[in-house]
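Have a look at the structure below before the remarks.
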Amino acid sequence: MIKKAVLPVAGFGTRFLPASKATPKEMLPIIDKPLVQYAVEEAINIGIEEIIFITSEEKYSIEKHFQKNELIEKKLVLSGKSEYVDKLNPKIFSKVSFKYIIQEKQNGLGDAVLQAESAVGGESFAVLLPDDLFFSEKSCLSQLVETYSRTSTSVIAVNKIDKKNIHKYGVIKPGKEEFGAILVDDIVEKPTADEAPSDIAVCGRYIFTSSIFKFLKKTSADKSGEIQLTDAVRSLLISENVHAKIYDGEKFDCGSKKGFVHATIALALRDESISHDIKKIIKEIS
Ligand code: UTP
C-alpha cells in the first residue's frame with residue numbers, strides 16, 4: 001500500500017564531529033551495521049519497493065554501501081568465508097530499487113523531504129530518519145502502516161517523553177482518540193517546557209499523503225534558517241486530518257552521543273555472540 005520511502009541523510013551531523021567529518025553520521029555502526037541499514041531494512045520489511053535517499057555529494061559511501069560488491073563477494077567465497085556473503089550483499093536489498101537525490105544546500109529536514117516530490121509522485125509515502133533507531137516486535141513503520149490502513153491520513157510516530165527534554169522535539173497537541181491513534185490538533189517544533197502543548201513528542205518515522213509537498217513549498221525558514229517539516233505539518237492540519245500513533249517499543253536517539261552509546265549497549269546485550277562478555281565487562285567497569 002505504501003510503496004516508497006524517503007530517507008533524508010544530507011544533514012551535517014555536527015553533534016558527531018569529528019567522526020562525521022569524512023564518514024556520514026548515518027554510516028556510523030551500531031555494533032556491526034550502519035545506522036542507515038537498520039532503517040532500510042525496516043522499510044523493506046513492510047513491503048517498500050523504492051528507497052529514495054536525500055543525500056549530499058560528500059556522502060557517496062551511503063550509495064556504495066547499498067550497491068552489490070561482486071569483487072569482495074568472490075574473494076569471500078574463494079577464501080572459504082561464504083557465511084559473510086549475505087552480510088556483504090544482503091538478499092533483501094535486491095527486492096528494492098535505490099534512488100539518490102542531492103540536496104544542494106542543507107536547508108533543513110523540510111527542505112530535504114521536498115526534494116523527493118517528483119520521485120514520490122502523487123502517492124502517500126513513508127519518511128524514515130535513520131538516526132532514530134527503533135526496537136519492537138512490530139516495527140515502528142509497520143505500526144504506522146496499520147494506522148494508515150484505517151485512516152488514509154498522514155500518520156506520525158510519537159512517544160511520551162520527560163518534559164525536561166521536550167525542547168529538543170516536535171510536540172503535538174493531542175485531540176480525540178480514534179482508530180487506535182490520536183487526532184493531531186496542533187504541532188510545534190522545539191517548544192520550551194512551559195509552552196509545550198503535551199509531553200508527546202514526534203519520532204523519526206512518518207507516513208505522509210502527497211499534499212505535504214504543497215505545504216512544504218509554502219513553508220519559510222525559521223530563525224535558524226531551516227525549513228522545518230513540523231511547520232509544514234502544522235499547515236497541512238488546516239486542510240487534512242493528521243493522526244499520531246504512540247509507538248509501542250524502544251527508541252534510541254542515535255543523533256546524540258548518549259542515545260548512540262545507549263543503543264550500542266542495548267544491542268550488544270541482545271547479541272548472543274557477545275552478550276555474555278559484555279555483561280561481564282559492564283559489571284567490571286561499574
Ligand atoms: P538532524 O536534525 O539530526 O541534523 O537531522 P543533522 O545535520 O543530521 O545533525 P546535527 O544536528 O548537525 O548534529 C535529522 C535527519 O534529517 C537529515 C539528517 O541527515 C538526519 O537524517 N537532514 C537534516 C537532511 O537530510 N537535510 C538537512 O538539511 C537537515
Note to self: Among 155-162, 233-240, how do they line up by average Cβ neighbours within 10 Å per residue, starting with the highest?
What the structure shows: 155-162, 233-240
Item checked: Loop-located GluC sites (Glu not before Pro) in the range 106-177, at most 16 other Cβ atoms within 10 Å (DSSP) -> E123, E137
Item checked: Kirkwood Rh (inverse of mean 1/r, distinct Cα pairs), the range 150-286, angstrom -> 16.9 Å
Next item on the list: Assuming R0 = 41 Å, can you tell me the calculated FRET efficiency for the pair D194 and S136, based on Cβ-Cβ distance, to the nearest 0.05?
Entry: 0.80
Check: Spin-label point model (7 Å from Cα, Cβ direction): what's the L71 to K280 distance in nm?
Finding: 4.0 nm
Notebook entry, point to check: What ³J(HN,Hα) values, in whole Hz, does the Karplus curve 6.51 cos²θ - 1.76 cosθ + 1.60 give for the range 159-174 when θ = phi - 60°, with x put for Gly and Pro?
Noted result: 8, 7, 9, 4, 4, 5, 9, 4, 5, 8, 10, x, 10, 9, 9, x
Next item on the list: For the range 165-230, please report how many Lys pairs fall under 18 Å Cα to Cα, leaving out neighbours fewer than 8 apart on the same chain.
Entry: 4
Margin query: Limiting things to C-alpha atoms, what are the Rg and the maximum Cα-Cα separation (Dmax) for the chain, in angstroms?
Written below: 19.3, 63
Notebook entry, point to check: Could you give the length gained on full extension between D248 and K164, defined as 0.36 nm per residue of separation minus the Cα-Cα distance, in nm?
Noted result: 28.1 nm
Notebook entry, point to check: Which value in nm describes the separation of the simple spin-label points at E63 and K258, placed 7 Å from the Cα toward the beta carbon?
Noted result: 3.7 nm
Margin query: Past the 14 angstrom mark, what percentage of all C-alpha to C-alpha distances in the range 145-212 do you count?
Written below: 57 percent
Next item on the list: State the extension gain, in nm to one decimal, for the chain segment bounded by D185 and K223, taking 0.36 nm per residue of separation less the distance between their alpha-carbons.
Entry: 11.3 nm
Notebook entry, point to check: Given the range 91-194 reduced to its alpha-carbon atoms as identical point scatterers, what log10 I(q)/I(0) does the Debye formula return at q = 0.15 Å⁻¹?
Noted result: -0.89
Note to self: Per-residue counts of other Cβ atoms within 10 Å, averaged by peptide: what ranking do you get for 57-69, 270-282, 101-113, highest first?
What the structure shows: 101-113, 57-69, 270-282
Note to self: Using square roots of five times the C-alpha gyration tensor eigenvalues, list the equivalent-ellipsoid semi-axes of the range 233-272 in whole Å, biggest first.
What the structure shows: 34, 13, 5
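Quick note: the coordinates plus some simple rules give every number you see, no bench work behind them. It should be emphasised that the depicted structure is a prediction, and the values quoted were computed from it without experimental measurement. Ideal geometry is used to build each Cβ from the backbone, glycine not excepted, and the neighbour counts take in all protein chains shown.
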